[in-house]
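Would you mind keeping the following structure in view while I ask a few things?
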């Protein structure tokens, strides 16, 4: 086979979904396809490494009897050691009980590689979701045949990061296919790109996403540094994800993007934060997130006794967790740290405990920018959202000020989903970088004005988006009026003459 192009790979991988479509719910079949893709990729790269090791050992004049053992049986020779039963050549031999065999192969793979622990364990290839035993063997057999037709060795790929980008493509397609459920694990890439470009991560930084989903925000930080000709491996990535299936997808995503050192933890960020050291929360240079909007069951029962001091500005209402996530993020940035987060507009104006928390954050001068986004950008909700940029160390010229950006009118309309365009991202980023008023788009507002509005951050209070009243030239208007009066008098005179001819006085 020749080298695979990116479009060919994307098309082929999405074609695997056709095998499962109609068999199981669209929100579930991503796990099976991601599992197959990951298993095939590891097996192919292992084989590629083994072949190179064989070449190396022959050049060293190693006895042929020893070459195979070194290349195929020595775990220390491989980044990921694939035991024999998990190798693709062995999987292809199985025709009956295929689901159980793949489960055991995945278990053996995890046993040999501690950094893969749990990544494949939650995918049950022997599940009744795939039908009875006969149907399972049929469906899984077709998937094995489908993935056998492409080689995923590095030497078969046209570009180095092609598989990582193909994985992102699949995640987006699955989110689109899953509709509302897609929003649980995926934030549209252009929204992520916008936030990353506002946060400007740099080499050497520690970056965290406390509700990381499939990991797109962390990976975009690496892409951003790469676009600026930096080394994407020279950053430390951290994340936490509550959903175990999504956590596994995130781990695979990191590995396929060649970011194996990313620390992705499992668990509930509010109830049980895992990114801690010596009993204290870890600190980061950048915290980026898209937490679930207004989560009802967010963990209010444990907030009052929080051992990390995260809720010093107040405890959010029991049925809305937005300010719980926001305060967690603020508690984890260092003395020069920034937060970039997607939030529903309600956090800008809701009162009671949320209003008190918002006031406290404004009084401590955390808010740097509030950016209103277009409607219908996100999977699972059509409501408009806002991006908040918070800064623990605002530049002198930005202190006691907040930049409001009204960006709701700038997007590409789609059939099911609206999208930000490159020019929309550039427009918002330019306004943030310049931090000055732009008519009908952006305005820098002092804290005293915000205080006068009872600490309400509703963007429409500060950015005037009403249509301007048309200017009237009084002289021209009077001349036009006099002309209309003359026309009226002429018409009346003609009408009177006509009535007289008809005998009416």
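The values are calculated or read from the model by the stated rules, or taken from the named source; none is laboratory data. All values reported here derive from a predicted model rather than from experimental measurement. Glycine gets a Cβ as well: all are built from the backbone with ideal geometry, and neighbour counts include every protein chain shown.
Which residues, counting only those in region 81-93, are free of Cβ contacts under 8 Å to residues at least 40 places away in the same chain and either in the same structural domain as residue 258 (by TED's automatic domain parsing) or surrounded by 18 or more Cβ atoms within 10 Å (Cβ to Cβ) (or both)?
Matches in region 81-93: 81 only.
Which one is nearest to residue 363 (Cα to Cα), of the residues in region 311-329 that are touching a residue at least 24 places away in the same chain (Cβ under 8 Å) and surrounded by fewer than 20 Cβ atoms within 10 Å (Cβ to Cβ)?
Checked region 311-329; the qualifying residue nearest to residue 363 (Cα to Cα) is 314.
With respect to the numbered conditions (1) at pLDDT below 95; (2) closer than 20 Å to residue 138 by Cα, which one is the sole condition not fulfilled by residue 64?
All conditions are met except number (2).
Determine whether residue 249 is crowded, with 21+ Cβ neighbours inside 10 Å, under 30 Å from residue 154 (Cβ atoms), in the same structural domain as residue 359 (by TED's automatic domain parsing) and within 17 Å of the chain's Cα centre (by Cα).
Judged against the criteria, residue 249 is a match.
Which of the residues spanning region 130-142 are surrounded by 17 or more Cβ atoms within 10 Å (Cβ to Cβ) and either within 14 Å of residue 36 (Cα to Cα) or touching a residue at least 40 places away in the same chain (Cβ under 8 Å) (or both)?
Hits for region 130-142 are 130, 137, 139, 140.
Something else now. Quick one: how many residues across region 432-466 are in a helix (DSSP H, G or I) and closer than 18 Å to residue 400 by Cα? Break it down into steps so the answer makes sense when it comes.
Restricting attention to region 432-466, the residues satisfying the condition of being in a helix (DSSP H, G or I) are 432-434, 447-452, 459-461.
Now drop any that are not closer than 18 Å to residue 400 by Cα, which leaves 432-434, 447-452, 459, 461.
Final tally of qualifying residues: 11.
Kindly establish whether residue 56 is more than 36 Å from the chain's Cα centre (by Cα) and either at pLDDT 95 or above or not in a loop (DSSP other than H, G, I, E, B) (or both).
Values: more than 36 Å from the chain's Cα centre (by Cα): yes; either at pLDDT 95 or above or not in a loop (DSSP other than H, G, I, E, B) (or both): yes.
Yes: the conditions hold for residue 56.
More than 20 Å from residue 385 (Cβ to Cβ), surrounded by 12 or more Cβ atoms within 10 Å (Cβ to Cβ) and either without any contact (Cβ under 8 Å) to a residue 40 or more places away in the chain or within 29 Å of the chain's Cα centre (by Cα) (or both): which single residue out of 463, 438 fits that description?
Within the list 463, 438, the selection yields 438.
Residue by residue through region 393-431, note down the ones that are assigned to a strand (DSSP E or B) and either closer than 17 Å to residue 195 by Cβ or touching a residue at least 24 places away in the same chain (Cβ under 8 Å) (or both).
Scanning region 393-431 gives 401, 402, 403, 404, 405, 406, 419.
Would you call residue 471 touching a strand residue (DSSP E or B) at 6+ places or on another chain (Cβ under 9 Å) and either assigned to a strand (DSSP E or B) or surrounded by fewer than 12 Cβ atoms within 10 Å (Cβ to Cβ) (or both)?
Working: touching a strand residue (DSSP E or B) at 6+ places or on another chain (Cβ under 9 Å): no; either assigned to a strand (DSSP E or B) or surrounded by fewer than 12 Cβ atoms within 10 Å (Cβ to Cβ) (or both): yes.
Against the criterion (touching a strand residue (DSSP E or B) at 6+ places or on another chain (Cβ under 9 Å) and either assigned to a strand (DSSP E or B) or surrounded by fewer than 12 Cβ atoms within 10 Å (Cβ to Cβ) (or both)), residue 471 does not qualify.
Moving on. Please give the strands (runs of 3 or more DSSP E) falling wholly within region 193-298 in which 1 or more residues are more than 21 Å from residue 34 (Cβ to Cβ).
Values: elements: 206-209, 236-241, 263-266, 284-289.
Passing ranges, in order: 206-209, 236-241, 284-289.
What is the number of the single condition among (1) in the same structural domain as residue 328 (by TED's automatic domain parsing); (2) more than 22 Å from residue 334 (Cβ to Cβ) that residue 404 does not meet?
Here residue 404 clears every test but (1).
All but one of (1) out of contact with any strand residue (DSSP E or B) (no Cβ under 8 Å at 6 or more places or on another chain); (2) modelled with pLDDT under 95; (3) in a helix (DSSP H, G or I) hold for residue 186; state the number of the condition that does not hold.
With (1) out of contact with any strand residue (DSSP E or B) (no Cβ under 8 Å at 6 or more places or on another chain); (2) modelled with pLDDT under 95; (3) in a helix (DSSP H, G or I) applied to residue 186, the lone miss is (3).
Which ones in region 21-40 are part of a helix (DSSP H, G or I) and either surrounded by 21 or more Cβ atoms within 10 Å (Cβ to Cβ) or within 24 Å of the chain's Cα centre (by Cα) (or both)?
29, 30, 31, 32, 33, 34, 35, 36, 37, 38, 39
Would you confirm whether any residue within region 463-477 is modelled with pLDDT of 90 or more and closer than 30 Å to residue 345 by Cβ? Explain how you work it out, then say what you get.
Residues of region 463-477 modelled with pLDDT of 90 or more: 463.
In the following step, the residues that additionally are closer than 30 Å to residue 345 by Cβ were identified as 463.
Yes, there is a match, as at least one residue in region 463-477 is modelled with pLDDT of 90 or more and closer than 30 Å to residue 345 by Cβ.
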